[in-house]
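Undergrad: Next up is a structure, given as structure tokens.
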Amino acid sequence: MRVKVLSRNPDDYLRETKLDLQRVPRNYDPALHPFEVPREYTRALNATKLERVFAKPFLSSLDGHRDGVNCMAKHPKSLSTVLSGACDGEVKIWNLTKRQCIRTIQAHEGFVRGMCARFCGTSFFTVGDDKTVKQWKMESPEYGEEEEPIHTILGKTVYTGIDHHWKEAVFATCGHQVDIWDEQRTSPMCSLTWGFDSISSVKFNPIETYLLGSCASDRNIVLYDMRKSTPLKKVILNMRTNTLCWNPMEAFVFTAANEDYNLYTFDMRYLESPVTVHMDHVSAVLDVDYSPTGKEFVSASFDKSVRIFPVDKGHSREVYHTKRMQHVITVKWTSDNKYILCGSDEMNIRLWKANASEKLGVLAPREKAAMNYNQKLKEKFQYHPQIRRIAQHRHLPKSIFCQIKEQRIMREARRRKELNRRKHSKPGSMPFVSERKKHIVAVVK
């Protein structure tokens, strides 16, 4: 007689110690799981709801300035160090780990218009309303030593911005014109000008380091090559551009923050039309900074809010605001891609999470696995109406909400007017102009 015996390996279902997880036998045959998609949809819905529940982006406020924060700079080597300049000429160096000010310098008389750190992180430069460019040591002075700049350059006009080369001992200032300076000399190596009265900001390209971009008050964005003594080309927009920022991963791409409430991402090879128009702010955009990955950027606006935009999308994925925060003048994305710093009118620097619902600190392997699984579920079901509605909803201050509503009505009215004009005009007399090209006046080479 033949007897069949059930044979099981105890290793498959017994724990080695009491601390181990219980082993659950799983059969992944899809025929045995007919409700897999509905179950996953429910999980994705719950994950999306929990993400909104845990979205608490505000971390802390760094207070100590006695006037509005006008500019900020990141330390190129240290993640925990950030520099800020105020409207009363005061410069502060902050330790983000302790969330304390570690050093205060009375750098200028009047506004600190711009600041930047040297690429090696040993010193930093400031420019102010007193027509001076000053270089300071990053380390605090020794006991008994006075707080004095290493070098001071006295210019003929007020400098409105400064940026340092990413690899060489060269920096650029802007004001009446763009000046390129060698650190060892007191007069500029070369001056670049193209018929404008005042330039608000200048930025070096982080990849093609000899390229510069600048924004002028006559609505121009001008591109320069340091190896030539003349500008390359310029694009003229409908309204003035306040500042621009180069993409750290794509050499030809930059984003400009404009007075017409929009941001424009350009490819410098094709300036005839922007790659993307980012439109969510309801007042002038004052500053913009890219994330180190080059996939997103953060913008600061006069409408008292900070928004995070994906580079390839026209609308923001996140908006940050507080009751106390006034006009946001400057913004920076930290080099570890985790935090955002913004400086505003009411003398505070605020620290935010770049990902609002991210859990800070060390994650256990199970937590990490669950987080990745939830992320994939949200991506899989992101276009389902209910999930999309929950993921996109943001509570806005009443002023911003009403202005968005008003602008939507105005946009619709403009569109209707254009349709009516086209309807009552001779066929072909009113050409269609795309939304991207509407804002460009001309490109001059």
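Undergrad: Assess whether LEU271 counts as being touching a residue at least 24 places away in the same chain (Cβ under 8 Å) and within 22 Å of THR160 (Cβ to Cβ).
TA: no
Undergrad: Which one of these is open to solvent by 20 Å² or more (accessible area, probe 1.4 Å) and closer than 26 Å to LYS167 by Cα: SER123, SER140?
TA: On inspection, the qualifying residue turns out to be SER140.
Undergrad: Moving on to the next point. Can you name the residue in segment 20-29 that is surrounded by fewer than 10 Cβ atoms within 10 Å (Cβ to Cβ) and of a type outside the set (Phe, Trp, Tyr) and is also farthest from LYS380 (Cα to Cα) among such residues?
TA: ASP20
Undergrad: Quick one: HIS395 ticks every box in (1) in contact (Cβ under 8 Å) with a residue 40 or more places away in the chain; (2) open to solvent by 70 Å² or more (accessible area, probe 1.4 Å); (3) not in a helix (DSSP H, G or I) except a single one, so which number is it?
TA: Evaluating HIS395 over (1) in contact (Cβ under 8 Å) with a residue 40 or more places away in the chain; (2) open to solvent by 70 Å² or more (accessible area, probe 1.4 Å); (3) not in a helix (DSSP H, G or I) leaves (1) as the failure.
Undergrad: With THR132, THR160, THR152, THR193 as the choices, which residue is at pLDDT below 90 and over 27 Å from SER80 (Cβ atoms)?
TA: None of the others qualify; the one that does is THR193.
Undergrad: Take the conditions modelled with pLDDT under 85 and open to solvent by 100 Å² or more (accessible area, probe 1.4 Å) and apply them to LEU32. Does it pass?
TA: no
Undergrad: If I filter segment 307-324 for residues that are charged (D, E, K, R) and closer than 22 Å to ARG113 by Cβ, do I get at least one hit?
TA: Quick first cut of segment 307-324, residues charged (D, E, K, R) only: 307, 312-313, 317-318, 323-324.
With closer than 22 Å to ARG113 by Cβ added as a condition, the list becomes none.
The answer is no, given that none of the residues of segment 307-324 is charged (D, E, K, R) and closer than 22 Å to ARG113 by Cβ.
Undergrad: What is the one condition in (1) open to solvent by 50 Å² or more (accessible area, probe 1.4 Å); (2) in contact with a Pro (Cβ under 7 Å, 6 or more places away or on another chain); (3) free of Cβ contacts under 8 Å to residues at least 40 places away in the same chain; (4) hydrophobic (A, V, I, L, M, F, W, C) that TRP194 does not satisfy?
TA: Status for TRP194: all satisfied but (3).
Undergrad: Please work out if TYR339 is open to solvent by 50 Å² or more (accessible area, probe 1.4 Å), free of Cβ contacts under 8 Å to residues at least 40 places away in the same chain and hydroxyl-bearing (Ser, Thr, Tyr).
TA: No; evaluated as a whole, the condition is false for this residue.
Undergrad: Can you report the number of residues in segment 226-273 which are closer than 19 Å to VAL331 by Cβ, outside any strand (DSSP E or B) and aromatic (Phe, Trp, Tyr)?
TA: So the answer is 1.
Undergrad: Restricting the first residue to segment 202-214 and requiring it to be under 11 Å from LYS167 (Cα atoms), which pairs with a second residue that is open to solvent by 30 Å² or more (accessible area, probe 1.4 Å) meet a Cβ separation below 7 Å and a spacing of at least six or different chains?
TA: PHE204/TRP166; PRO206/TRP166; PRO206/PRO248; THR209/TRP166; THR209/LYS167; TYR210/MET226; TYR210/ARG227
Undergrad: Residue under question is LEU6, and the condition is that it be in a loop (DSSP other than H, G, I, E, B) and more than 30 Å from ILE102 (Cβ to Cβ); does it hold?
TA: For LEU6, the condition - in a loop (DSSP other than H, G, I, E, B) and more than 30 Å from ILE102 (Cβ to Cβ) - is met.
Undergrad: Condition check: in contact with a Ser or Thr (Cβ under 6 Å, 6 or more places away or on another chain) and β-branched (Val, Ile, Thr). Does THR243 satisfy that?
TA: yes
Undergrad: Next up: Considering each residue of segment 82-117, count those that are β-branched (Val, Ile, Thr), touching a strand residue (DSSP E or B) at 6+ places or on another chain (Cβ under 7 Å) and surrounded by fewer than 20 Cβ atoms within 10 Å (Cβ to Cβ), and give that number.
TA: Residues that pass the stated criteria total 2.
Undergrad: Taking the stated definitions as given, is LEU223 open to solvent by 10 Å² or more (accessible area, probe 1.4 Å), aliphatic (A, V, I, L, M) and not in a loop (DSSP other than H, G, I, E, B)?
TA: no
Undergrad: Here are ARG39, ARG43, ARG15: which of them is touching a Leu at 6+ places or on another chain (Cβ under 8 Å), free of Cβ contacts under 8 Å to residues at least 12 places away in the same chain and not in a strand (DSSP E or B)?
TA: Among ARG39, ARG43, ARG15, only ARG15 is touching a Leu at 6+ places or on another chain (Cβ under 8 Å), free of Cβ contacts under 8 Å to residues at least 12 places away in the same chain and not in a strand (DSSP E or B).
Undergrad: Okay, moving on. Residues to consider are ASN238, ASN262; find the one that is surrounded by fewer than 19 Cβ atoms within 10 Å (Cβ to Cβ), within 20 Å of LYS438 (Cβ to Cβ), touching a strand residue (DSSP E or B) at 6+ places or on another chain (Cβ under 9 Å) and touching a residue at least 40 places away in the same chain (Cβ under 8 Å).
TA: Values: ASN262 fails: surrounded by fewer than 19 Cβ atoms within 10 Å (Cβ to Cβ).
The match here is ASN238.
Undergrad: Right, another one. Return the residues of segment 149-181 that are open to solvent by 40 Å² or more (accessible area, probe 1.4 Å), within 17 Å of LYS137 (Cα to Cα) and aliphatic (A, V, I, L, M); say none if nothing qualifies.
TA: ILE150
Undergrad: Is it true that VAL3 is surrounded by fewer than 12 Cβ atoms within 10 Å (Cβ to Cβ) and either at pLDDT 85 or above or under 30 Å from ASP287 (Cβ atoms) (or both)?
TA: So VAL3 fits the description; yes.
Undergrad: Identify, from the list VAL127, VAL82, VAL133, the residue that is farther than 23 Å from SER191 by Cβ, in contact (Cβ under 8 Å) with a residue 40 or more places away in the chain and of a type in the set (Val, Ile, Thr). Before you say what the answer is, go through the steps one by one.
TA: On the way: VAL127 fails: farther than 23 Å from SER191 by Cβ; VAL133 fails: farther than 23 Å from SER191 by Cβ.
Only one candidate qualifies: VAL82.
The values are calculated or read from the model by the stated rules, or taken from the named source; none is laboratory data. Bear in mind the structure is a predicted one, so any value in this text is a computation, not a measurement. Methodologically, a virtual Cβ is constructed for each residue, glycine included, from the backbone with ideal geometry; neighbour enumeration extends over all protein chains shown. Note: accessible area is taken over every heavy atom of the protein model, side chains too, but ligands, DNA and RNA are not part of it. Shrake-Rupley method; radii C 1.70, N 1.55, O 1.52, S 1.80 Å.
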